[in-house]
Amino acid sequence: MVNRSAAAAVGIFLLVASVYVLASPGRIDIIDGQYRFEVARNLLDIGSPQIRDRYLGGGATRGRGGRYYVGYGLAGSVVSLPLVGAGRAGDASGAASIDRQQFFFSLTSPALGAATAALLFVFYLTLGVSRRSAFLWTMVAAFATLAFPAATSVFDQVQHSFFVLAACFFAFLGARRDSVPLAAAGGLALAVLVNFQEAYAIFFPTLGLATFAAARPAAGQQRRALIRYVVFMGVGGLGLLAWAGINYVRFEHVLFSGKGVNHPAVLGDPLVGLTALLFSPGKSIFLYSPPVLLALFGVRELFRRERRLALATLTASLAHLALVSSLSFFAGDWCWGPRYFVPILPLLALGLPMFQVRARSDRVLLPVLVAAGLAVQVMAISVDHHRFFYERGLPAFFWDGNPQFYFRESALLNRPGEILEAIRHGVPPEADAFRPGPYPDLLTYAVFGGWTAGEPMEFTGPTAFFWPAREWMRRFQVFWLPRPWPLWMSNVPRGERPINVEIGTGILLAVALTGALAVRHALVH
């Protein structure tokens with residue numbers, strides 16, 4: 001039984017990872033990732049998390065010794081080090097090597113996204129869900145929610161989600177088995193998590209509730225539960241100490257991480273943020289991840305079965321929603337959908353197998369929401385997400401002072417037209433460069449908005465480039481080619497590709513088949 005379940009979990013990881021990698025852009029698709037890659041690269045080169053790329057200086061802050069550092073958590077670069085190192089195999093110099101390293105760096109989210117799916121499957125089994133049902137609901141969570149496009153981007157929220165789910169799983173398993181070491185393992189996941197974003201400290205007291213037994217414990221059991229809770233919190237707290245130490249090394253101040261420099265005010269109107277995240281056509285979680293509705297319906301059954309676990313996941317999710325809603329940049333732009341929801345999607349997904357089909361309407365609702373979710377995610381990975389923003393000539397912080405934007409505009413509703421245009425007209429004849437930005441020989445470097453021949457253009461107003469944004473976009477192939485790397489790389493001369501497309505695709509298809517066969521064997525037998 002255990003061996004079959006383990007084989008199924010490994011098979012799910014291989015299957016989901018292969019699909020995620022094949023659907024990913026194979027390049028750094030947002031400037032945030034370029035900073036994290038730069039830190040990872042310098043950690044390998046000189047053992048320092050500093051920024052040396054002169055084109056990234058605008059987002060960095062001067063720190064100890066006159067060196068420049070960025071405010072992104074160090075964990076977002078550290079977890080990518082094995083992949084960046086793998087990208088250095090062979091020739092470690094020149095543009096071809098940098099492209100290959102950045103290609104491998106972009107696979108960090110697919111890898112941890114697939115690990116999240118495998119762990120979710122194991123969590124379902126721990127809750128008593130059958131293997132077949134656990135597999136099907138894991139596929140829903142992996143491919144019919146916002147986790148899918150998030151796992152095909154260098155945005156790191158899906159990486160956060162793995163450590164959120166791991167913290168909850170080990171806390172719960174520690175309660176099930178009355179194990180302090182398992183509670184400590186959950187705390188260790190939290191320690192890593194706060195080195196992505198220190199704000200995740202809000203999960204310490206909330207997810208810690210899962211360390212308590214579901215039943216009413218006797219006096220001795222209450223004491224053991226309290227020990228587990230304290231250990232969970234204490235080990236997680238070591239992560240905050242590490243975060244403070246990293247700050248001191250970089251900026252000679254334990255509480256300054258470099259965030260918020262050259263950035264609008266952090267706090268906004270929480271009512272506006274909450275309303276937009278729930279109900280706006282531009283950022284509603286229910287539009288971008290329809291199966292979340294099924295998960296919420298299943299929470300009631302989860303409460304009946306595992307009250308403390310349900311309480312932990314619900315309080316953690318509500319605390320996270322309250323925090324994100326209060327941000328001026330609650331939407332997380334520039335991105336597809338409400339990406340700040342992604343870290344808690346696995347927690348919400350615990351309610352999916354608990355959804356009860358009680359009426360005829362439920363039998364209709366379930367496949368409709370799953371199919372709608374899958375359709376939305378397929379649209380998400382079809383073309384580059386920057387198109388929506390550049391077509392409108394938006395400045396970097398367009399959301400500042402413009403909270404109603406998401407009630408007027410929607411990347412989701414605009415996407416079908418973008419797909420049809422790309423299919424009908426293809427790449428414009430004037431598109432003589434692959435992407436806008438520095439280092440024109442690099443295919444996998446991040447896109448820079450408003451880039452001309454040599455330097456980025458300045459924005460002249462809240463919605464204006466120096467010249468029409470759509471005309472500017474037509475000069476770059478990246479906005480018109482399909483987003484997945486096997487498709488756009490096929491349009492690049494063979495000698496300029498970061499990897500061999502045919503061999504890479506063949507290997508991934510073989511891995512996917514291996515994973516599918518492992519899952520099938522575990523489910524059938």
Criterion (under 16 Å from HIS320 (Cβ atoms) and assigned to a helix (DSSP H, G or I)) met by exactly one of ALA199, ALA225, ALA244: ALA199
Contacts under 9 angstrom Cβ, first residue in region 45-71 being in the same structural domain as VAL254 (by TED's automatic domain parsing), partner loosely packed, with under 15 Cβ neighbours inside 10 Å and not in a loop (DSSP other than H, G, I, E, B), 6 or more apart: none
Select from region 260-299 the residues that are surrounded by fewer than 16 Cβ atoms within 10 Å (Cβ to Cβ) and touching a strand residue (DSSP E or B) at 6+ places or on another chain (Cβ under 9 Å) and list them in ascending order. VAL261, ASN262, VAL266, LEU267
Could you tell me how many of the residues in region 61-83 are buried (at least 22 other Cβ atoms within 10 Å of the Cβ) and of a type in the set (A, V, I, L, M, F, W, C)? 4
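Let's see how each residue does on (1) buried (at least 24 other Cβ atoms within 10 Å of the Cβ); (2) of a type outside the set (S, T, N, Q); (3) touching a Lys or Arg at 6+ places or on another chain (Cβ under 8 Å):
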site	(1), (2), (3)
LEU127	no, yes, yes
LEU136	no, yes, no
PHE143	no, yes, no
VAL154	yes, yes, yes
HIS160	yes, yes, no
PHE163	yes, yes, no
ALA166	no, yes, no
PHE170	yes, yes, no
LEU173	no, yes, no
Only one of these conditions is not met by PRO181: (1) over 19 Å from the mean Cα position of the chain (by Cα); (2) assigned to a helix (DSSP H, G or I); (3) buried (at least 19 other Cβ atoms within 10 Å of the Cβ). Which number is it? (3)
Among the residues of region 320-334, count how many are assigned to a helix (DSSP H, G or I) and surrounded by 20 or more Cβ atoms within 10 Å (Cβ to Cβ). 4
Being among the acidic types (Asp, Glu) and either closer than 15 Å to GLY282 by Cα or not in a helix (DSSP H, G or I) (or both) is the filter here; which residues of region 404-422 pass it? GLU409
Residue under question is ARG392, and the condition is that it be modelled with pLDDT under 95 and either within 19 Å of ALA23 (Cα to Cα) or not assigned by TED's automatic domain parsing to the domain that holds GLU38 (or both); does it hold? yes
Among the residues of region 19-72, which ones are touching a Leu at 6+ places or on another chain (Cβ under 9 Å) and not in a helix (DSSP H, G or I)? SER24, GLY26, ARG27, PRO49, TYR68, VAL70
Give the residue, chosen from ALA6, ALA40, ALA17, that is under 30 Å from PHE121 (Cβ atoms) and surrounded by fewer than 19 Cβ atoms within 10 Å (Cβ to Cβ). ALA6
If we take region 260-319, then helices (runs of 4 or more DSSP H) inside it with 2 or more residues that are small (Gly, Ala, Ser) and not assigned by TED's automatic domain parsing to the domain that holds GLY401 are 270-279, 292-305
Condition test on GLY337, is it among the small types (Gly, Ala, Ser), assigned to a helix (DSSP H, G or I) and crowded, with 17+ Cβ neighbours inside 10 Å? no
Does any residue in region 336-361 that is on the phi < 0 side of the Ramachandran plot and among the small types (Gly, Ala, Ser) come within less than 7 Å, Cβ to Cβ, of a residue that is at pLDDT 95 or above and buried (at least 24 other Cβ atoms within 10 Å of the Cβ) six or more places away or on a different chain, and which pairs are these? ALA349/LEU120; ALA349/ALA141; ALA349/ALA295; GLY351/ALA295
Candidates ARG415, ARG424, ARG475, ARG435 - the one that is over 28 Å from the mean Cα position of the chain (by Cα), at pLDDT 90 or above, surrounded by 13 or more Cβ atoms within 10 Å (Cβ to Cβ) and not hydroxyl-bearing (Ser, Thr, Tyr): ARG475
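The values are calculated or read from the model by the stated rules, or taken from the named source; none is laboratory data. Given the structure is predicted, the values throughout are model-derived calculations rather than measurements. With ideal geometry, Cβ positions are generated from the backbone for all residues, glycine too; neighbour counts draw on all protein chains shown.
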